[in-house]
Amino acid sequence: MKALYGLKQSPAIWNKRVDGFMTEQGFTRCTSDSCLYYKGDTITKFVLVSLSVDDLLITGNDNDGIKTFRDALNSNFGECTWNDNCSSFLGVNLQYDLVTGVLMMSCPGKIDSLLAKYSGLQKLTSSLVPYATTFKKIDDSVDHQLTDIQECIRENFASIVGACIYMSITARPDITTLCNKACKGMHNPKHSHIVYLEHMLRYLKGTKTEGLCYRHNDSAVSNLRAHLSRKYVEHQPMRDLPVVIFSDANFADMADEELRSTSGHSVYVFNCLVSWSSKRQTLTARSTFQAELIAASSASDDASWYYNLTSELRFLFFPGMEVVPPNPLLIDNINALNCANHPKQTPASKHVHLREFRIRQYAKDGVIRNLWVLTPLNAADLFTKPMGPTLFRKFKAILGVSGSSVDADFVLQECLFNYTYGTSLDLLLFDSELATSPWNWTADALWVADDLSVDIANEDWRSSHLAAFHGFDLIYKHGDIITNHGTDTYTAGM
């Protein structure tokens, strides 16, 4: 690097130097991501290099090409420090189990250093859920007596929030929504912002060993997509596509002074969460329809970027295919879906800003395909609103956040029930930690049947109220099948 470190021109000069070196080595800079380089055009022989200033990640199946590239790096930039089994990158711990095919990213070191940095946080207790029922009762219009912990958080608010933001965009998507709420008080934190951040720190302390898991197979999203493809014909061509995007919105957040809605979306590549967002909308939506349309338009921008990326790296994502199929964008609001798919104006949409209709152009160009998804199965729901413990743990499993990189099973298992005789669909959750054995599952949620909340874990209730299920023959056996004699047969995700 010719320029002095810290000068304004240093990044540009360094980038020019590295880009020239990569070009000399036969690499091509990805148009969609200027920090990604690739060499090769077949899935049987390629090298990928991800660059972050002077830190590189190298992967691929061309071992000779990787060795040649490493030798060139050593000769051009001096002896580089190599870590053949990468265990940490930019503060994120990496653990990969070749047997189970699970990659886990976590940041316990950053959590420990954050809590140790401020003496006022030493007495902070741990929690397993980042949200509290008292959030809705916080009144910022009155003065509150702060505890010692809260006083420490207020004095170092910006620094603590910055550390939490980095964790939320790398390995802890489960704190993204709370980070979004806490960030609103970055320059003038109110009592609610301090309480949000305090609970988030307690949650991070109690779950510091957890992280984002990438599974080679049997992920919650793959089971979810398989269910949707069986249930709905329009989902069948989209089942095996590498990229899928979920979009959701929380209309008129009551905790927001201007009643702004919150947009959220999540992007899965090969059924692994790779990108997510939770953002306060820039205008006040008049209806749920408008809030959902704004969120879907924002998600379509990400979908367009991933379409361009996968098109450029077609030999990895679509080997042998001439035409790249559109990325499915799943929306749980019928009106927003219809508006996104059909160029018509209604009284509910005539006031919507023109920029929100770019989603129609993406669909017309074959970049995305807008599809409907049930609200309980919308994987982006966690990025729009606080949730209770049961729903939160369910969506953590859908995101892929787990406490162990070597455990092939999720802590929560989803069982999908079909609509039957007016019976509403819900997710039945099981918590394996509450079970005394794999064959003794404890229900962690209520299943709603004909507007009647029932505890399906109670065997006496099951034997006396089986008729209420209208022909459901429930088998509570680990890994077995749940059969609905009236309609379809589903395999429980266990």
Note: among 284, 262, just one is over 30 Å from residue 48 (Cα atoms) and modelled with pLDDT of 90 or more, namely 262
What do you reckon, is residue 92 within 20 Å of the chain's Cα centre (by Cα), within 13 Å of residue 194 (Cβ to Cβ) and β-branched (Val, Ile, Thr)?
no
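With the requirement that a residue be β-branched (Val, Ile, Thr) and buried (at least 18 other Cβ atoms within 10 Å of the Cβ), what does the stretch 378-394 give you?
Scanning the stretch 378-394 gives a single hit, 384.
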Please identify the pairs in which a residue from the stretch 87-105 that is in a strand (DSSP E or B) has its Cβ atom under 6 Å from the Cβ atom of a residue that is among the basic types (Lys, Arg) and open to solvent by less than 40 Å² (accessible area, probe 1.4 Å), counting only partners at least 6 apart or on another chain.
102/215
Taking the criterion of being in contact with a helix residue (DSSP H, G or I) (Cβ under 8 Å, 6 or more places away or on another chain) and surrounded by fewer than 19 Cβ atoms within 10 Å (Cβ to Cβ), would at least one residue in the stretch 326-338 satisfy it?
yes
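Table: residues versus (1) under 17 Å from residue 280 (Cβ atoms); (2) crowded, with 19+ Cβ neighbours inside 10 Å; (3) out of contact with any strand residue (DSSP E or B) (no Cβ under 6 Å at 6 or more places or on another chain).
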site: 214; (1), (2), (3): no, yes, no
site: 227; (1), (2), (3): no, yes, no
site: 231; (1), (2), (3): no, no, yes
site: 238; (1), (2), (3): no, yes, no
site: 243; (1), (2), (3): no, yes, no
site: 259; (1), (2), (3): yes, no, yes
site: 262; (1), (2), (3): yes, yes, no
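On the given criteria, is residue 308 surrounded by fewer than 24 Cβ atoms within 10 Å (Cβ to Cβ) and in contact with a helix residue (DSSP H, G or I) (Cβ under 7 Å, 6 or more places away or on another chain)?
Considered against the rule, which asks whether it is surrounded by fewer than 24 Cβ atoms within 10 Å (Cβ to Cβ) and in contact with a helix residue (DSSP H, G or I) (Cβ under 7 Å, 6 or more places away or on another chain), residue 308 comes out as no.
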Of 142, 129, 161, which residue is at pLDDT below 90 and crowded, with 18+ Cβ neighbours inside 10 Å?
129
Of the residues that make up the stretch 178-188, is at least one open to solvent by less than 70 Å² (accessible area, probe 1.4 Å), of a type in the set (Lys, Arg), closer than 27 Å to residue 273 by Cβ and part of a loop (DSSP other than H, G, I, E, B)?
no
All but one of (1) under 19 Å from the mean Cα position of the chain (by Cα); (2) open to solvent by 10 Å² or more (accessible area, probe 1.4 Å); (3) modelled with pLDDT of 85 or more; (4) among the aliphatic types (A, V, I, L, M) hold for residue 363, so report the exception by its number.
(1)
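Kindly evaluate residue 203 against the criterion of being under 26 Å from residue 377 (Cα atoms), among the aromatic types (Phe, Trp, Tyr) and in contact (Cβ under 8 Å) with a residue 40 or more places away in the chain.
Against the criterion (under 26 Å from residue 377 (Cα atoms), among the aromatic types (Phe, Trp, Tyr) and in contact (Cβ under 8 Å) with a residue 40 or more places away in the chain), residue 203 qualifies.
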(1) at positive phi; (2) in contact (Cβ under 8 Å) with a residue 24 or more places away in the chain; (3) among the small types (Gly, Ala, Ser) all hold for residue 78 apart from (2)
May I ask you to verify whether residue 41 is assigned to a loop (DSSP other than H, G, I, E, B), touching a residue at least 60 places away in the same chain (Cβ under 8 Å) and within 31 Å of the chain's Cα centre (by Cα)?
no
Return the residues of the stretch 19-57 that are crowded, with 17+ Cβ neighbours inside 10 Å and under 24 Å from residue 88 (Cα atoms); say none if nothing qualifies.
22, 36, 37, 38, 46, 47, 48, 49, 51, 56
From the option list 291, 303, 249, single residue qualifying as touching a strand residue (DSSP E or B) at 6+ places or on another chain (Cβ under 6 Å), farther than 15 Å from residue 378 by Cβ and surrounded by 24 or more Cβ atoms within 10 Å (Cβ to Cβ) is 303
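The values are calculated or read from the model by the stated rules, or taken from the named source; none is laboratory data. Bear in mind the structure is a predicted one, so any value in this text is a computation, not a measurement. Note that each Cβ is placed from the backbone with ideal geometry, even for glycine, and that neighbours are counted across all protein chains shown. Ligands, DNA and RNA are stripped out before the accessible areas are found, and what is left, the full protein with its side chains, is counted by its heavy atoms. Shrake-Rupley method; radii C 1.70, N 1.55, O 1.52, S 1.80 Å.
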